[in-house]
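Each remark here refers to the structure printed beneath this line.
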Amino acid sequence: MSAKNIVQYLLDEAGTTHAEQAGISLTNKPAPLYRLLVLAVLMSTRIKAELAVSAARELAEFGTPQKMCDATWQQRVEALDRGHYVRYDESTSTALGKGARALLDEYHGDLRRLRAKADGDIDVLRDKLTALPRLGPAGADIFCREVQLVWPELRPFFDKKALAGAEKLGLPTAPHRLADLVEGPDLARLAAALVRATLDRGLAAEITKAA
């Protein structure tokens, strides 16, 4: 099986982004970008991705920084608990409130302003993201992996977990060579699928066997 065929098989089997799983129709608009950021915050902790996605769905009612600020701490906790995000619910509720306030104060609640300040520099973008409460380097990677769908200046963005999946499957590990195997809009899907190949031994074994 050629590298392109392996990639297509991978996309077919595991090419759903976390944003899609969380019900986020990602566009370059403030609300969906903020919901993606919240998802990245939730995925920054040592918790299963499925639980983070479930919690992000429950938090959709607070889908802008202003709505997140206006919600009470208890309302945020209850939404997290409905998504079974119970281990870190209280501290995450606090972090989400502080993060929303920081976004309102620094960027008027619009992540496109953060994008503009980064001016295409991924290192600057990651630094600004990790300055937000509870959003660590892993969360910044998750945000960048997914937002490259609508922020093309980040393409191709493959973090260490995605590149580990590429290596496991015998695919190129140089980002631009890997990017040559798909169309630009599919890069976010490919990055998400490669991370799943890294974490899911069964998926990697299935693809390797098919190849």
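The values are calculated or read from the model by the stated rules, or taken from the named source; none is laboratory data. Just so it is clear, the model here is predicted, and its values are computed rather than measured. Cβ: placed from backbone, ideal geometry, glycine included. Neighbour counts: every protein chain shown. These area figures cover heavy atoms from the full protein model, side chains too; ligands, DNA and RNA do not enter into them. Shrake-Rupley method; radii C 1.70, N 1.55, O 1.52, S 1.80 Å.
Below is a table of values for the structure above.
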| read-out | value |
| --- | --- |
| Straight-distance crosslink candidates among lysines, where the alpha carbon sits under 21 Å from Lys67 and sequence neighbours closer than 8 are dropped | Lys29, Lys98 |
| Accessible area (Å², per residue) of the chain, counting only protein heavy atoms and a probe of 1.4 Å | 47 |
| Pairwise label distance in nanometres, Asn28 with Val86, each label 7 Å out on the Cα-Cβ vector | 4.3 |
| Column: log10 I(q)/I(0), Debye, Cα scatterers of the stretch 1-56, q = 0.15 Å⁻¹ | -0.53 |
| log₁₀ of I(q)/I(0) at q = 0.17, 0.25, 0.29 Å⁻¹ - the stretch 123-181, Debye sum with one point per alpha carbon | -0.59, -1.04, -1.19 |
| Proximal lysines to Lys4, defined as alpha-carbon separation beneath 29 angstrom and excluding residues fewer than eight positions away on the same chain | Lys160, Lys161, Lys168, Lys209 |
| Heavy-atom accessible surface of the stretch 36-96: percent carbon and sulfur, 1.4 Å | 48 |
| Model label zone, Ser2; criterion: amide N under 14 Å from point 7 Å along Cα-to-beta-carbon; scope the stretch 149-166 | none |
| Approximate spin-label separation Asp70-Arg177, in nm, with each point projected 7 Å along Cα-to-Cβ | 5.2 |
| Accessible surface ranking that places the most exposed of Met43, Met1 first, with a 1.4 angstrom probe | Met1, Met43 |
| Mean-position separation - Cα centroids, the stretch 3-67 and the stretch 71-89, in angstrom | 18 |
| Kirkwood Rh in Å, taken over the chain so that all alpha-carbon pairs contribute | 17.4 |
| Estimated FRET transfer efficiency (Leu199, His108; beta-carbon r; R0 41 Å; 0.05) | 0.65 |
